[in-house]
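Quick notes on the structure that follows.
The values are calculated or read from the model by the stated rules, or taken from the named source; none is laboratory data. Predicted, not measured: the structure shown is a model, and the values here were computed from it. Counting neighbours? That spans all protein chains shown, and the Cβs are built from the backbone with ideal geometry, glycine included. Surface accessibility is based on the protein's heavy atoms, side chains included, excluding ligands, DNA and RNA. Shrake-Rupley method; radii C 1.70, N 1.55, O 1.52, S 1.80 Å.
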Amino acid sequence: MMREEQAKVSAFIQAYGLGQNPQARMLDLISEVGELSKELLKASGYGELPVELTASIKEELGDCLFSVLCLSEALGTDAQEALDMVLRKYEQRFAATGQIGNVKPATPGAT
């Protein structure tokens, strides 16, 4: 399914002559994540309330997904393979540590 979506994005990029510079694609992704963050902050009263899903949040999430797939295209990589790889990594980490995150032990005396 992700490959189909990446193919749609690739066709869109070609149809509209969008650039394939990975650095520019990464900057675009960062910008879109910032816009999604702003919408989530507004929707939650800056973290004070449960998030109410809005049309703006959905749109910004879509922008982020589009940007990730554009970056995948610019890098010449298959987004589905990348996702499958990271899911395996998380499964292995959870099996080994009981946690998904990469938690490092605290260093004595560190603050």
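Out of the residues in region 48-73 that are touching a helix residue (DSSP H, G or I) at 6+ places or on another chain (Cβ under 7 Å) and farther than 18 Å from E5 by Cα, state the one that is modelled with the lowest pLDDT.
Of everything passing the filter in region 48-73, E52 is modelled with the lowest pLDDT.
Which condition number in (1) aliphatic (A, V, I, L, M); (2) modelled with pLDDT of 95 or more; (3) open to solvent by 90 Å² or more (accessible area, probe 1.4 Å) is the one that A82 fails?
For A82, the exception is condition (3).
List pairs: first residue in region 33-55 and closer than 23 Å to V68 by Cα, second residue of a type outside the set (A, V, I, L, M, F, W, C) anywhere in the structure, Cβ distance under 6 angstrom, at least six positions apart or on different chains.
Close Cβ pairs (under 6 Å, with a partner that is of a type outside the set (A, V, I, L, M, F, W, C)) amount to E35/E60; L36/E60; E39/S56; E39/E60.
What tally of residues in region 1-60 results from selecting those that are open to solvent by 70 Å² or more (accessible area, probe 1.4 Å), assigned to a helix (DSSP H, G or I) and hydroxyl-bearing (S, T, Y)?
Qualifying residue count, region 1-60: 1.
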